[in-house]
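What follows is one structure encoded as C-alpha cells, with my remarks underneath.
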Amino acid sequence: MDELAAGTSPVHKLHPLVKFLVTIAYIYCVVSFSKYDLTGLFIMLLFPVIMFSTAGIPISTCFWKLRLVLPLVLMVGIFNPIFEGKAGLISMVTLMMKGVFALMASFIMVATTPIDGLCAALRKMHIPSVLVTLLLLTYRYISVLVKEVAIMTDAYKLRAPGQNGIAPKAWGSFLGQLLLRSMDRANELYSSMQLRAFKGEFFYAAQRKLNVRDALFFFVCIAAFVLARLINITELIGGVFA
Amino acid sequence: MIEFKNVNFEYEKGTPVLTDISFKIEDGESVGLIGCNGAGKSTLMKVLLGLLPHEGEITVGDVKLAKDTLDEVRKTIGFILQDSDNQMFMPTVFEDMMFGPLNYGHTKEEAEARVDKVLEELGIGYLKNKYNHKISGGEKKMAAIATILTMHPRAILMDEPTSALDPENRRKIINTINGLKTTKLIASHDLDMILDTCERVILMHDGKIIKDGTADEILKDKALLEANHMELPLKLQG
C-alpha cells in the first residue's frame, strides 16, 4: 500500500481531506439507493473506475488485496432471493454492488493517500486525537507485530515437530506472551515520545494547503453524486437508444 | 554537564537497583557505561531522563532534574533507544525527524532546515522519505540518531547502539558516534566499540559504580572485568 500511495498521479496529488470527504459522500450516496434500484446504482461504478484509471492502479489490485473481505461483502443479502423471490434477487445484487462499490472507493482513497496525510485529514475533521494516534501507530506497528508473531511461531514450530500450527492449549500463553511484549514495546515507545516533548497531539509535517484543483474536484464529484442520486442516468441513456 | 550526587533508585522497596551513584561528566566528554546484564546501566539512563523517579541530586547543565524541569532536561539530552523500532514511531523518517523540533515549538520551515542539515551531515539523505518499517536495521539506527540530532541536544545517551548490527553497519555507527561533537554517554556490552568511541569508562555492577576511570585503564584490566562478569575487548585478547 505504501508503494501505491507513493504515486504521483493527479489522484495522488489531491488533498487528503478532499479525498476523504468525497469518499464519505460517495459511500453515503451509494448506500442511500433503494435496494431495488439496481439500474440507478449502476452509474455509481463510474467514480471508482475513473479514480482507479486516473491513479494508474489496476482494479484487480483492489480485488486481490481485499480478497479476504470481499466474500463477506458478497454474502450480504444472500438470503434475499429465498425470502423475496425474484425481487430478492435484485435486492441481493444491489446490496452486493453497494458493498463492493464502497470497498472500491475506500481502497482507492487509502491506496493514493499516505497514512500521515490521512491522519492529518481526520484531525482536520475533528476526529479525536486519541483515535487518530491509534490509527497511525497501528499502521506503523502492524508490521512489527506480525514479525514478532512470526518469530514466536517459528520458535514454537521448532520445538513442536509434526504439529500443524499452534496447539489450542498453547494459545493462551502464546497470546499472553505477545501481549506482554506489546506492552513492553508500548512503554518504550511512549518514553520515546515523552523524550521528544509529546503532549498528546501529533504534528503532521507533510501537510499542504487546499488549492483550486482540490476545490474543483470536490464540487464536481458532489454535484455528480447528487445528480446520479436524483436522476436515473442509466435508464435515461438506455431510453435514448431504445 | 551531567552530575549525579548520591542517586538511589528502587523499583520495589528493599530491592535497590541503583545505589549511591555519584559521578560527573564534563562538556564534550565521551563516556562508556559498562556492566553485565542487570547492572543498572539502562535504569541509570532512564533516571537521568526523568523516566523513573530517584532519590539524590541530578544536575544537567545548570538545571536540577525535577518534575518542572523535565522539558528542559529532555531538550538538552537526547536518548537513542536500543530498539530503533521503538524510537521511530512515525510512518516516515522525515516525519520522525520533524517530530521533536515541532513539539518544541519550531516552525515547519525551521524544523525542515534542521532535518535536511542533519541528513546531509550523516550522509543519509536518501532515507528522508522512506517508510520506517521498510528500512534495514542499520539504516534505522542511523535514522534514530538523526531524529535525536534534529533536536540539537548538548548530550546524547545511547543504549546498546551497535546491538544486532552487521560489521559494516556497526563500523558506520562507530564512525558516526566519533563524529558527534556532543557529550556522549554510551551503555553497551560491546567493549570493542566502547574502546573505539570513549575516552572514559564507568563500570557498574549490582546497581553500584565499581570503577570510574580512563578506557585504557578499565578495559585492559582483565581481572577487574572478569570479577564483574565481563571479558577483555576482542582486540585486546591477543
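The values are calculated or read from the model by the stated rules, or taken from the named source; none is laboratory data. Please read all numbers here as calculations on a predicted model, not as lab measurements. We place every Cβ from the backbone using ideal geometry, glycine too, and count neighbours over all the protein chains shown. These area figures cover heavy atoms from the full protein model, side chains too; ligands, DNA and RNA do not enter into them. Shrake-Rupley method; radii C 1.70, N 1.55, O 1.52, S 1.80 Å.
Within region B:5-16, if we keep just the residues that are out of contact with any Gly (no Cβ under 7 Å at 6 or more places or on another chain) and in a strand (DSSP E or B), the residue that is nearest to B:GLU57 (Cα to Cα) turns out to be B:PHE9. Looking only at region B:113-132, filter to residues that are over 24 Å from the mean Cα position of the chain (by Cα) and assigned to a helix (DSSP H, G or I); which one of those is nearest to the other protein chains (Cβ to nearest Cβ)? Across region B:113-132, the extreme among qualifying residues is B:ALA113. Here B:THR69 meets the list (1) away from chain A (no Cβ under 12 Å); (2) in a helix (DSSP H, G or I); (3) touching a Phe, Trp or Tyr at 6+ places or on another chain (Cβ under 9 Å); (4) hydroxyl-bearing (Ser, Thr, Tyr) almost entirely, failing just condition (3).
Yes or no, residue by residue, for (1) crowded, with 20+ Cβ neighbours inside 10 Å; (2) within 19 Å of B:LEU232 (Cβ to Cβ):
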residue: B:HIS133; (1), (2): no, no
residue: B:GLY137; (1), (2): no, no
residue: B:ALA144; (1), (2): yes, no
residue: B:LEU149; (1), (2): yes, no
residue: B:GLU168; (1), (2): no, no
residue: B:GLY179; (1), (2): no, no
residue: B:ILE186; (1), (2): yes, yes
residue: B:HIS205; (1), (2): no, yes
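The set of residues in region B:12-41 that are closer than 21 Å to B:LEU224 by Cα, of a type outside the set (Val, Ile, Thr) and open to solvent by 30 Å² or more (accessible area, probe 1.4 Å) comprises B:ASP20, B:SER22, B:ASN37, B:GLY38. With respect to A:MET152, determine if the residue is more than 14 Å from every other protein chain (Cβ to nearest Cβ), assigned to a helix (DSSP H, G or I) and closer than 30 Å to A:TYR26 by Cβ. Answer is no for this residue.
For B:ILE173, are the conditions met, namely being outside any helix (DSSP H, G or I), open to solvent by less than 10 Å² (accessible area, probe 1.4 Å), more than 14 Å from chain A (Cβ to nearest Cβ) and not acidic (Asp, Glu)? Show your work before the answer.
Numbers: outside any helix (DSSP H, G or I): no; open to solvent by less than 10 Å² (accessible area, probe 1.4 Å): yes; more than 14 Å from chain A (Cβ to nearest Cβ): yes; not acidic (Asp, Glu): yes.
It is false that B:ILE173 is outside any helix (DSSP H, G or I), open to solvent by less than 10 Å² (accessible area, probe 1.4 Å), more than 14 Å from chain A (Cβ to nearest Cβ) and not acidic (Asp, Glu).
Mind listing just one residue for me: the one in region A:69-88 that is open to solvent by less than 90 Å² (accessible area, probe 1.4 Å) and of a type in the set (A, V, I, L, M) and, of those, farthest from A:LEU41 (Cα to Cα)? So, considering only residues that are open to solvent by less than 90 Å² (accessible area, probe 1.4 Å) and of a type in the set (A, V, I, L, M), the one farthest from A:LEU41 (Cα to Cα) is A:VAL69. Condition first: in contact with a Pro (Cβ under 7 Å, 6 or more places away or on another chain) and under 16 Å from B:PHE23 (Cβ atoms). Now tell me which residues in region B:177-201 satisfy that. B:ILE186 - this is the single residue of region B:177-201 that is in contact with a Pro (Cβ under 7 Å, 6 or more places away or on another chain) and under 16 Å from B:PHE23 (Cβ atoms). Within region B:97-109, the residues that satisfy the criterion of being surrounded by fewer than 24 Cβ atoms within 10 Å (Cβ to Cβ) and either facing another protein chain (nearest Cβ under 7 Å) or closer than 19 Å to B:ILE135 by Cβ (or both) are B:LEU102, B:ASN103, B:TYR104, B:LYS108. Of the set (1) of a type outside the set (S, T, N, Q); (2) under 16 Å from the mean Cα position of the chain (by Cα); (3) at pLDDT 90 or above, all apply to A:CYS29 but (2).
Can you tell me which of A:SER91, A:SER53, A:SER60 is within 23 Å of A:ILE233 (Cβ to Cβ) and surrounded by fewer than 14 Cβ atoms within 10 Å (Cβ to Cβ)? Spell out how you get there, then give the answer.
Numbers: A:SER91 fails: surrounded by fewer than 14 Cβ atoms within 10 Å (Cβ to Cβ); A:SER60 fails: within 23 Å of A:ILE233 (Cβ to Cβ).
Result of the check over A:SER91, A:SER53, A:SER60: A:SER53.
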